[in-house]
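The values are calculated or read from the model by the stated rules, or taken from the named source; none is laboratory data. As the structure is a prediction and not an experimental result, all values here were calculated from the model. All Cβ positions, glycine included, derive from the backbone under ideal geometry; neighbour counts span all protein chains shown. When the accessible area is computed, the model is the full protein with side chains, heavy atoms only, and any ligands, DNA or RNA have been set aside. Shrake-Rupley method; radii C 1.70, N 1.55, O 1.52, S 1.80 Å.
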Amino acid sequence: MDGNTNAAGSHHFIGNRWLASSTGQTLDVTDPSDGAAFAKIARGNAADIDAAVNAARRALGEFFNGPWGRMTATERGRLLMKLSYAVADHHDELARLESRTTGKPLSQGRADAAALARYFEYYAGAADKLHGDTIPYQSGMTVLTLREPHGVTGHIVPWNYPMQIFGRSVGAALAAGNACVVKPAEDACLSVMRVAELAADVGFPAGALNVVTGYGTEAGAALAQHRGIDHISFTGSPVTGTAVAQAAALHHCPVTLELGGKSPQIVFADAELDDVLPVAVNAIVQNSGQTCSAGSRLLIERPIYEELLARIGATMSQLKVGPALADLDAGPLIRLNQLQRVRDFLSRAQHDGVPVAAQGIIVEQAPQGGYYQAPTLLRDVPADHPLAQEEIFGPVLAAIPFDTENEMLKIANGTNYGLVAGVWTRDGARQMRVARRLRCGQVFINNYGAGGGVELPFGGVKSSGYGREKGFEALLGFTTLKTIAIKHG
Ligand code: NAD
């Protein structure tokens, strides 16, 4: 890396340099565990995005002949592998940054840092396995396809899993040969900034990876509108995703949208309940329910409804919620308005007579200023109630009984979302039949991956978005296909 450091924070990372915002303005970063500001980031705007796009364009060169553009796929893969090792070497530092800014328990921060290293490792190995094809055509002709990078790719990242979502998106984009401009979430971006610095340290050329911080409506909107961006990958809420897709459409820029979910855990009476229990609880408690693929609906076949509810309730009522670095079962929510949103849903439950079956414990040591919500199990939630339809994005599990497979499918498919589903049954024919009839992007049978592994294509249908990230599939999305037809006689 040439030059300055981000010791004081409040800089963008553009062209391998730390640069202050063009306006000099900054934003506070708050620790959700106590509600106190502890760092600053730069408040980016259209001029900063423009600088980052220009740096990325220079790295690629006009004809992919710039320092990044002319690198071979193998060389790009090697750099990604070095970055994977650098992330592993800084595992503890990155985990702490992630936990401090997001509020997640430290062991989850560690898991996220390990996943980030794995994303770079995976895409390092994949970089030079991505290639085009030859197509049989007319006599005297050869037709081939080239998988080319889009060019400059924009990446808008949310606050719930900053490192993981950054890694899955940027890892694939860089492996495919794109230069990246990233706009992480204003609430939690310190880990991402540090990884960008590590990328420069291991030898990524200036401009291959740029990060501009700031508000979504300023820096994020400027990125989506920028005519120098050739592809946008957005992860966040459906409302913002729509705004990003609209802005991108004005310059015919392709978009991948990873939006929210209301994912069902479906438990049939023949399921192995000892296996269901820890997984179903974790699927809603992990990251305090602020996970797009959270298993936020629990659909239980009637004969085991009471038994499973009792067991899940007993487990949930033992869960401890407290500061991120205390590393308990769950941490705080990201910010006050998110906490208020969850409380509003719970008030609605009370008002509409939806019973609370169990609640966890907020520990006494949790600072008053933190944004804590006890995990809550609601029972007998009507399938059409907002609690069973809307993404709460908090640790609230809605249990719904069902009597038949068809009734279950109507409920499971009966929201605007379609991201992930978990199916628990020992009946092999039913596993496959139900998996085929669920409208979503991923189905887990007798397990639940909350987004699954690095290798598994991930994304949704309906309001959960379109396009796929993760796995080899993501690489295809970060390329455009060129057909070359040669007449040679
Ligand atoms: P959000 O949509 O408000 O913000 C996401 C990102 O978009 C942030 O970086 C934000 O600064 C930026 N942004 C905000 N307004 C913008 C605009 N007008 N133009 C461009 N960028 C803008 O969402 P959030 O509150 O940060 O995250 C919560 C939501 O994200 C939930 O609905 C959740 O389900 C979803 N999510 C989905 C996935 C997934 O993979 N499907 C992963 C994480 C979060």
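Observations, loosely collected:
- Charged-residue dipole, Cβ positions (Lys, Arg, Asp, Glu), the chain about Cα centre, Debye nearest 20: 1120
- Shown are R302, R468, whose ranking by accessible area with a 1.4 Å probe and every protein chain present, most to least, is R302, R468.
- Cβ-derived FRET efficiency at R0 56 Å, S317 paired with T23, nearest 0.05: 0.65
- 17 Å cut-off, amide nitrogen to a point 7 angstrom out along V239 Cα→Cβ, residues in the stretch 337-364: 337-345
- Equivalent ellipsoid of the stretch 264-454: semi-axes from √(5λ) of the C-alpha gyration tensor, largest first, are 27, 17, 16 Å.
- The trypsin sites (Lys or Arg not before Pro) of the stretch 184-266 that DSSP puts in a loop, and whose beta carbon has at most 11 other beta carbons within 10 Å, are R227.
- For the chain, the relative contact order comes to 18 percent (Cα pairs under 8 Å, sequence separation of at least 6).
- Here the stretch 264-454 is assigned +1 on the Cβ of each Lys and Arg and -1 on the Cβ of each Asp and Glu. Its dipole about the Cα centre then comes out at about 480 debye.
- Charge dipole of the chain about the Cα centre (unit charges at C-beta), most positive-ward option of A188, A200, A485: A485
- Accessible surface, 1.4 Å probe, highest first, among residues R341, R437: R437, R341
- With every protein chain in place, the chain: carbon and sulfur % of accessible area (1.4 Å): 51
- Between helix 428-437 and the chain: long-axis angle, C-alpha atoms, 0 to 90°, nearest 10: 60
- Charge dipole (debye, nearest 20) of the stretch 171-297; +1 at Cβ of Lys and Arg, -1 at Cβ of Asp and Glu: 460
- Backbone HN-Hα couplings from phi across the stretch 469-481 [Karplus 6.51/-1.76/1.60, Hz, Gly and Pro as x]: 10, 6, x, 5, 3, 4, 4, 4, x, 9, 10, 10, 9
- Note, ³J(HN,Hα) from phi for the stretch 75-85, Karplus 6.51, -1.76, 1.60, rounded to Hz, x at Gly and Pro: 5, 5, x, 5, 5, 5, 5, 4, 5, 4, 5
- Along the chain, counting only GluC sites (Glu not before Pro) with a DSSP assignment other than H, G, I, E or B and at most 14 other Cβ atoms inside a 10 Å radius, the longest segment between sites is 63-271.
- Once all protein chains are placed together, W18 keeps about 10 Å² accessible to a 1.4 angstrom probe.
- Think of the stretch 264-454 as having a plus end and a minus end, set by charges on the Cβ of Lys, Arg, Asp and Glu; of V321, S296, V279, S296 sits farthest toward the positive end of this dipole.
- Rg/Rh for the stretch 203-271 stands at 1.20; both radii use Cα atoms, and Rh follows the Kirkwood definition.
- Cβ-Cβ FRET estimate between N406 and F472, R0 fixed at 25 Å, reported to 0.05: 0.10
- Kirkwood hydrodynamic radius of the chain, Cα pairs, Å: 23.2
- Summary of the geometry: the stretch 379-403 and the stretch 54-100, compared by the centres of their Cα atoms, lie 42 Å apart.
- A Förster radius of 35 Å combined with the Cβ-Cβ distance from V143 to R227 puts the calculated FRET efficiency at roughly 0.65.
- Counting Lys and Arg as +1 and Asp and Glu as -1 over every other residue whose Cβ lies under 12 Å from the Cβ of D50, the net charge comes to +1.
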